[in-house]
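Presented below is the structure to which this report refers.
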Amino acid sequence: MRIFIVTVIVVLLFALKMPRKKTRHELLATIQFALFMNFATDYYLDLKYKLYWYFDKEQIEWLYLSVVLGEVAVLVIIFNYFPLKSNASKKLIYILGWTCILVLLELYAVYIGVLHYGEWNTIYSAVVYFISMYILYFILKYTVDSRETQQ
């Protein structure tokens, strides 16, 4: 578990120190929506269908906050560098690349015992990550457009 906490701290520090390419408003709006979407998905798929769970299934784990912090840090990195002004194929490649990275991070979480699969598997995760990233791209795009039209 210590290696997981260290990993989260390293990624969080990187996310805080990297040069900003998007405004705080753009990142905040996108990440808030992502967290809402994640909590709704986790609630539905974990509690209702028992497809996967974090840490110990029988008790509330405060370590789940480290999962959320790690998720926020990774999302900041992803959407800070998102190629909004690029063509569609570059955006697709970016989303596919991060989908693969997110699946690998999930497998790491399974390997070290942070995440546990019930009837879930990585193919489902890849599909969900891809769709989620595409939805979040539109949220980021909307946030950027609304900021530019208000000036």
Residue-span extension gain [residue 96 to residue 9] - 0.36 nm each, minus C-alpha spacing:
28.8 nm
Could you check the simple spin-label distance between residue 88 and residue 110, using points 7 Å along Cα→Cβ, in nm with one decimal?
3.2
I need to check one value: relative contact order of the chain, counting alpha carbon pairs closer than 8 Å and at least 6 residues apart, in percent.
37
Considering only lysines 8 or more places apart in sequence, or on different chains, count the pairs in the chain whose C-alpha atoms sit under 23 Å apart.
12
Give me Rg over Rh for the range 63-126, both radii from the alpha carbons and Rh done the Kirkwood way, two decimal places.
1.04
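Placing +1 at every Lys and Arg Cβ and -1 at every Asp and Glu Cβ, with all other atoms neutral, what dipole size does the range 1-105 have around its Cα centre, in debye to the nearest 20?
Using Cβ point charges on Lys, Arg, Asp and Glu, the range 1-105 gives about 640 debye.
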Over the chain, the sum of -39500 (n - 2.57) across DSSP H runs of at least four, divided by residue number and rounded to 500 deg cm²/dmol, gives at 222 nm -24000 deg cm²/dmol
Out of 33, 47, 18, whose Cα points farthest toward the positive end of the dipole of the range 18-59 (charges: +1 Lys, Arg; -1 Asp, Glu; placed on Cβ)?
18
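Taking loop as defined by DSSP and a crowding limit of 15 other beta carbons within 10 Å, which chymotrypsin sites (Phe, Trp or Tyr not before Pro) in the range 62-151 fit? Show your work: numbers first, answer last.
Numbers: sites: 62, 64, 79, 81, 94, 98, 108, 111, 117, 120, 124, 129, 130, 134, 137, 138, 142; in loops: 62, 81, 120.
Qualifying residues, ordered by number: 62, 81.
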Please compute the length gained on full extension between residue 17 and residue 119, using 0.36 nm multiplied by the number of residues separating them and subtracting their Cα-Cα distance.
32.9 nm
Shape verdict for the chain, please, from the Cα gyration tensor: rounded (a/c under 1.5), prolate (a/b greater than b/c) or oblate.
prolate
In this structure, the FRET efficiency calculated for residue 77 and residue 42 from their beta-carbon separation, with R0 = 22 Å, to the nearest 0.05, is 0.55
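Bear in mind that the values in this text are calculations on the coordinates, not laboratory data. Every value quoted in this text rests on a predicted model; they were computed, and no experiment measured them. Quick reminder, even Gly has a Cβ in these numbers, built from the backbone with ideal geometry, and neighbours come from all protein chains shown.
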